[in-house]
Amino acid sequence: MAAVKTAFGGERLGGHPVDRRGTVPLLRWYVVVIAVRDRREKSRLDLVDSPKPSVLGRILSGAMVLLALSLLAFLLVGVTAG
């Protein structure tokens with residue numbers, strides 16, 4: 001676990017506002033969710049984030065993520081129930 005914390009910057013002073021780590025025992029997976037505010041300079045952000053996706057693109061992307069998560073949940077429930 002120390003190696004994972006070091007690799008994802010968990011050893012930094014102050015850590016991350018969102019830092020959740022855990023295991024999925026049935027699948028033997030280690031899951032890490034880390035989030036922190038983007039502190040890049042505006043000039044760098046303009047280069048990285050352009051062109052911005054349209055509203056329709058964002059909606060479709062969100063729908064695809066929700067579909068993938070629901071399928072994953074369905075598979076996990078099927079594995080644990082059966």
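The values are calculated or read from the model by the stated rules, or taken from the named source; none is laboratory data. Being a predicted model, the structure only gives us computed values, none of them experimental. Positions of Cβ are generated from backbone atoms using ideal geometry, with glycine treated the same way; all protein chains shown enter the neighbour counts.
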Out of the residues in segment 2-14 that are in contact with a strand residue (DSSP E or B) (Cβ under 9 Å, 6 or more places away or on another chain) and part of a loop (DSSP other than H, G, I, E, B), state the one that is modelled with the highest pLDDT. Phe8
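What tally of residues in segment 28-60 results from selecting those that are in a loop (DSSP other than H, G, I, E, B), surrounded by 10 or more Cβ atoms within 10 Å (Cβ to Cβ) and at pLDDT 80 or above? So that I can check it myself, show each step before the final result.
Restricting attention to segment 28-60, the residues satisfying the condition of being in a loop (DSSP other than H, G, I, E, B) are 28, 36-41, 50-54.
Now narrow it down to the ones that are surrounded by 10 or more Cβ atoms within 10 Å (Cβ to Cβ): 36, 40, 53.
Narrowing further to those that are at pLDDT 80 or above: 36.
Residues in segment 28-60 being in a loop (DSSP other than H, G, I, E, B), surrounded by 10 or more Cβ atoms within 10 Å (Cβ to Cβ) and at pLDDT 80 or above: 1 in total.
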